[in-house]
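The values are calculated or read from the model by the stated rules, or taken from the named source; none is laboratory data. In this text the structure is predicted, and so the values were computed from the model without any measurement. Ideal geometry is used to build each Cβ from the backbone, glycine not excepted, and the neighbour counts take in all protein chains shown. For accessibility, only protein heavy atoms count, side chains too; no ligands or nucleic acids. Shrake-Rupley method; radii C 1.70, N 1.55, O 1.52, S 1.80 Å.
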2 protein chains.
Amino acid sequence: MTTTTEQATTEQATTEQATVLPLGELHASLADPLLDAMTFLNEVTERYPDALSFAPGRPHEGFFEPEDVHAHLDAYLTHLAERGLSGSAVRTALFQYGPTKGIIADLVARTLANDEGLHVDPGALVLTVGAQEAMLLVLRALCATPEDVLLVSSPCYVGVTGAARLLDLATEPVPEGPDGGPDPRAVRAAARAVRASGRRPRALYVVPDFANPSGTSMPTGARAGLLDAAAEEGLLVIEDNPYGFFTREPGSPGGPGGFGGPDGAGGRPTLKALDRRRQVVYLGSFAKTCFPGARLGYVVADQEVLAPDGRRTLLADELAKLKSMTTVNTPALSQAVIGGMLLRHDCRLRDANGPARAHYAANLATLLRELERHFPPAERARLGVSWNEPEGGFFAVLQVPFTADEAAMEHCAREYGVLWTPMAPFYPAGGGERRLRLSISALSRRQIEQGTARLAAFVRSRCPRAAAD
Amino acid sequence: MTTTTEQATTEQATTEQATVLPLGELHASLADPLLDAMTFLNEVTERYPDALSFAPGRPHEGFFEPEDVHAHLDAYLTHLAERGLSGSAVRTALFQYGPTKGIIADLVARTLANDEGLHVDPGALVLTVGAQEAMLLVLRALCATPEDVLLVSSPCYVGVTGAARLLDLATEPVPEGPDGGPDPRAVRAAARAVRASGRRPRALYVVPDFANPSGTSMPTGARAGLLDAAAEEGLLVIEDNPYGFFTREPGSPGGPGGFGGPDGAGGRPTLKALDRRRQVVYLGSFAKTCFPGARLGYVVADQEVLAPDGRRTLLADELAKLKSMTTVNTPALSQAVIGGMLLRHDCRLRDANGPARAHYAANLATLLRELERHFPPAERARLGVSWNEPEGGFFAVLQVPFTADEAAMEHCAREYGVLWTPMAPFYPAGGGERRLRLSISALSRRQIEQGTARLAAFVRSRCPRAAAD
């Protein structure tokens, strides 16, 4: 048979012809130092499993129990039955392909109203596979050509610069102001510079609350100013809010003038809550408020889209069209389990996260206290060491008088048994070489005390002026 | 306070300035007729909920029970515990962010060995959010510039042409031969034409078994020939295999010369099973063999990638880097539930799908028998009606002597109470205007009988020569 002969020939050719793909012929994002930096970080973490790690931004898992998954799932299925769905319809909802926009938009909308005072049409929501997919969809929808530029606050979450790289989109950094968040004047200047270069500044990506990696938050008063600047420059604002709940002193930041939802919970108003022009696209995630293993996020996109034939849709509908080409729809399993969790907490995650909020707040306070203890003010100035004091979230930034790069990080892991994240990869246009990010979310208070002691020893070992001690 | 004034101004601006985004300023894929066609199909399906529908390609759900989800999940967690993971490590696996490549590659590899005789290194696997995400990642990795062209068999699954549109990649159709699958000569011709136009033909997308939408399968003998042609033209082959299990006569197609796995199950060899040059990237899905609500797919990418510094990785590792920018990782929940299902079936889905395979086979046989009954040979020729006779899968194609477009489809739903899918959107370069796709997966045999009768009445009503009846 011809086939047999061909197979024999093929087999013989094996060793000579096995496919080898030169990296340079694959998409350029694969040779991006940003992706390599992330890979390196993961590798180092695996190589030093016993090191205390200030690196991962993952939530504390002490609140998770496998039995809860069953209870959440059952709660959602019962809810469907109570809404009048037949057994067969419940089965379809759980097991089949589902609507591209998702099946729990109503529950998410109720939760946003309860927790953030955000009143959104469930039709303006798209459930996504983490906020990461939402970012990808929003960037893809908004940036039509290589001339469309995304402004990003700098330092910037690598997820958004990475998504832009995957889509071959240009980003322009806007430096964070001293108070946190991009300064409105810097936004205007960046938008004008982009326009002067013949391109279109399309949107501004910002994490106003406890940003990753800087930990900083925008003052309440600056938020409306940022929206005004963006509107004047014709920019949409992409607000990413994974950490908003986790204020260091629950109810306090922003003080009495801050936003108080219907339940009187504290925190500052989101940009979306201040949005009067529908200029804000809001990205949310259940990774930190429920758990990451469901990989559930969402986007609120209530902007109107006008077709040439006069038809009007919401941006959310357009994002759903794109989503049918990335993941078809978000797993019903994940939506059912998180939906059940929302139902069991009466769609109030801020309350449900009371213990988690207390945990993160205490951890952050511990880190700041221990840094203070190891580096008293006078010595701090002498050594050239400083840090910021975030009002909440998972991260703080330590400034040191030496290059805090991958080599330094690996040395620190090997010799001092403590891990952290170099900041430079978070700066799209360079910078941050002497900064490191410290995450407190996944450690215990005891580990933070030990880790800070080890970190202080490492920092001293690298400080030119520490020899005088 | 300044803030108050600013907010008041902002509020006043509301009605005049609410953001409206012209569709023409969003990404061009959103104005693509392909996406509109899919939206239209969904809308019509919703408008005629009582119509018998040959449209959806979703699996039969009579085999799904919600209790099974709990049992599958528990089976996977027990498996982790038996492998020696502590309670805390099990919790981490289920609830946290996880490895980008996934957590059940070992179980999927065992299943591929049992069911397809495919022996793959688990390290060459990436678990994805459906095969759709795998397609997106593979296209993104392989197509580095606008000069890189994807060849697709035509008619072609819309998921792959859609993913290409999202990434602004060019596709070139290669017509399916009369026996199913792209003809090797047509592949060579298309590759050379692309090269002559100054671009690079990069890969060929093909569904060798029971293709969506055509239902056809490549003959066994043609498969090695296709691989040879692709290798000569420097093309990787992207093999998508969602329907391979569902032969009309289990064990028979391909006959004794066909591939028999270790369990003696029938079917033809996958292209990947014949791959001696590592030239095939294999896409798999659990949507049809387990259930779609988990949204779990995977890609086998065992090609070596060579970096300029001499480091070697697998293409799977590069895909994982990209995946960290699309969905970070595939939901652990979905992987745990499908992993448990695999374990409970001893990693043999072909056996586990015995009842499903019998169901689809009987349905397809029913459709073909009913078409035969309503259109006997002589009349068929007179009317200009014909259809193909797939050996398995979910789909068959009916050729009619009139334009089977959206208007015809809506008329048919309204007046005859039966739905189907126009084929034209599946032809990237035009064609298929007088063809319609019939899916048998989600109907009962009784519904297929009724639906075929209604469809036959509709077809006669449109046939110019039917008046003579």
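Quick one: compute a quarter of the convex hull surface over the Cα atoms of the stretch B:68-347 and quote it in nm².
Working: hull surface 61.1 nm².
Mean shadow area of the hull around the Cα atoms is 15.3 nm².
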Legend entry - Approximate spin-label separation B:Asp179-A:Ala362, in nm, with each point projected 7 Å along Cα-to-Cβ: 7.2 nm
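How big, in percent, is the set of alpha carbon pairs in the stretch A:281-439 lying more than 19 Å apart? Please report the intermediate quantities before stating the final value.
Working: 8938 of 12561 pairs.
Of the Cα pairs, 71 percent sit more than 19 Å apart.
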Legend entry - Spin-label zone in the stretch B:184-201 - amide nitrogen under 20 Å from a point set 7 Å from the Cα of B:Thr145 along the C-beta vector: B:191-201
Legend entry - Label point distance in nm, A:Asp106-A:Thr78, each placed 7 Å from Cα along Cα→Cβ: 1.8 nm
Legend entry - Whole-percent pair-distance distribution, where bins are 10 Å wide, for the alpha carbons of the stretch B:339-431: 13, 31, 31, 15, 9, 1
Inset, instruction - Kindly give the distances from A:Ser88 to its copy-mates, label point to label point, with each label point 7 Å from Cα along Cα→Cβ, as nm values to one decimal ordered shortest first. - result: 5.0
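Can you give the accessible area per residue of the protein assembly as shown, in Å², using a 1.4 Å probe?
I get 35 Å² per residue for this part.
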Inset, instruction - Hey, could you get me the Stokes-Einstein D for the stretch A:399-442, Kirkwood radius over alpha-carbon pairs, 25 °C and 0.890 mPa s, rounded to whole µm² s⁻¹? - result: 227 µm²/s
Inset, instruction - Let me have the 222 nm mean residue ellipticity of the protein assembly as shown computed from DSSP H runs of 4+ only, each contributing -39500 (n - 2.57), with the sum over all residues rounded to the nearest 500. - result: -13500 deg cm²/dmol
Legend entry - Gain on full stretching of the segment that runs from A:Arg195 to A:Glu433 - 0.36 nm per residue minus C-alpha separation: 82.7 nm
Inset, instruction - Could you let me know the centre-to-centre spacing of the stretch A:422-469 and the stretch B:447-464, using Cα atoms, in angstrom? - result: 73 Å
Legend entry - Nm distances between copies for B:Glu65, ranked from closest, using label points 7 Å along Cα→Cβ: 2.7
Inset, instruction - Bin all alpha-carbon pair distances of the protein assembly as shown at 20 Å intervals from 0 and give each bin's fraction as a whole percent. - result: 14, 45, 33, 8, 1, 0
Legend entry - Inter-copy separations for B:Ala193, label at 7 Å along Cα-Cβ, nm, ascending: 4.7
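Work out which helices of chain B, taken as complete DSSP H runs, extend at least 24 Å along their axis over the Cα atoms and score a mean Kyte-Doolittle of -1.0 or more, then list them. Numbers along the way, then the final one.
Details: long enough: B:66-82 (25 Å, -0.36); B:354-374 (30 Å, -0.49); B:445-462 (26 Å, -0.79).
Helix filter hits for chain B: B:66-82, B:354-374, B:445-462.
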Inset, instruction - Normalise the Debye intensity by I(0) for the stretch B:266-341, one equal point scatterer per Cα, no solvent, then take log10 at q = 0.11, 0.16, 0.17 Å⁻¹ and round to two decimals. - result: -0.39, -0.78, -0.85
Inset, instruction - May I ask for the Kirkwood hydrodynamic radius of the stretch A:47-194, worked out over all distinct Cα pairs and given in angstroms to one decimal? - result: 19.6 Å
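Contour minus end-to-end for B:Arg414 and B:Ala113, with contour as 0.36 nm per residue of separation and end-to-end as the Cα-Cα distance? Present the calculation step by step, with values, prior to reporting the outcome.
Working: separation 301, 0.36 × 301 = 108.36 nm, distance 4.77 nm.
Length difference between fully extended and current span is 103.6 nm.
Pop the C-beta distance of A:Phe63 and A:Val20 into the FRET formula with R0 = 56 Å and round what comes out to the nearest 0.05.
Details: r = 47 Å, r/R0 = 0.84.
Step by step, r from the Cβ atoms, then E = 0.75.
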Legend entry - Dimensionless Rg/Rh of the stretch A:131-209 - Kirkwood Rh, Rg from C-alpha atoms: 0.95
Inset, instruction - Averaging over all projection directions, find the projected area of the Cα convex hull of the stretch B:404-469 and quote it in nm² with one decimal place. - result: 5.2 nm²
Legend entry - All-pairs alpha carbon distance profile, chain B, 20 Å steps from 0, percent: 22, 53, 22, 3, 0
Legend entry - Out-of-range pairs (alpha-carbon distance over 28 Å; input A:Lys272/A:Lys323; A:Lys272/B:Lys321; A:Lys101/B:Lys321; B:Lys101/B:Lys288): A:Lys272/B:Lys321
